[in-house]
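What follows is a set of notes on a single structure, which appears directly below.
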Amino acid sequence: MTDTVANTDREEWFDGMREHYLVSPLHAHFGLTLDGVEDGKVIVGLNGKREFLNAYDVMAGSVITGMIDSALLQAVKTRCGAGDFLTTLEIKVNFLAPANGTKFRCEANVIRAGGSTGVAHAVVTDADGEAVASGMGTIFIRRKAKG
């Protein structure tokens, strides 16, 4: 059986991933935070910067897409081993409404995580809880070779 977050110390994993978000230049620059983790599910927060707003005071779609990408991968990672390598193969984003403001929440859930790929779905909501975007992605998984 694969050593996943489901059967190891979730708090230790969560602390490590939260630390990753704090030290990653990309995550820090965008204001992304890992706010929750369960088996097959993560919540990513975005405390965006005003400079990420377009001329209409709407958060740039590229920032929302980056948030979704990060959440999708982290959700799949909850079903993987600590030494597994993951990267996004494909992502599709639907923009549902203007992303007004600078604070957003993205909940991502695994649909399936197999031997070499995982698929997850995410929904981004604004500060009022209204859905502004949804996304689906395919994540490549390279399992760590067994010893």
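The values are calculated or read from the model by the stated rules, or taken from the named source; none is laboratory data. Since we're looking at a predicted model, the values are computed, not measured. Ideal geometry is used to build each Cβ from the backbone, glycine not excepted, and the neighbour counts take in all protein chains shown.
Every condition in (1) at pLDDT below 95; (2) β-branched (V, I, T); (3) under 16 Å from F104 (Cβ atoms) is met by V23 except one, and the failing one is (3). The listed residues are C106, C80, and the only one of them that is modelled with pLDDT under 95, in contact with a strand residue (DSSP E or B) (Cβ under 9 Å, 6 or more places away or on another chain), closer than 20 Å to K41 by Cβ and surrounded by 18 or more Cβ atoms within 10 Å (Cβ to Cβ) turns out to be C80.
Inside the range 92-103, residues that are touching a residue at least 40 places away in the same chain (Cβ under 8 Å) and either of a type outside the set (K, R) or surrounded by 15 or more Cβ atoms within 10 Å (Cβ to Cβ) (or both) make up a count of 7. Taken together, the residues in the range 109-138 that are touching a residue at least 60 places away in the same chain (Cβ under 8 Å), more than 14 Å from D69 (Cβ to Cβ) and surrounded by 18 or more Cβ atoms within 10 Å (Cβ to Cβ) amount to 3. Considering only residues in the range 21-31 that are farther than 19 Å from E11 by Cα and hydrophobic (A, V, I, L, M, F, W, C), the one that is surrounded by the fewest Cβ atoms within 10 Å (Cβ to Cβ) turns out to be L26. Applying a threshold of 7 Å to beta carbon distances and a minimum spacing of six or more residues, or different chains, the list of pairs starting in the range 19-40 at a residue that is aromatic (F, W, Y) and ending at one that is assigned to a helix (DSSP H, G or I) reads Y21/H27; F30/V63; F30/G66. Among the residues here, D69 qualifies as in contact with a Ser or Thr (Cβ under 8 Å, 6 or more places away or on another chain) and charged (D, E, K, R). Figure legend. Inter-residue proximity from the range 43-64: first residues surrounded by 14 or more Cβ atoms within 10 Å (Cβ to Cβ), second residues basic (K, R), beta-carbon distance below 6 Å, spacing 6+ or different chains. Indicated pairs: G45/R105.
When residues in the range 29-44 are screened for being assigned to a helix (DSSP H, G or I) and touching an Asp or Glu at 6+ places or on another chain (Cβ under 9 Å), 0 of them pass.
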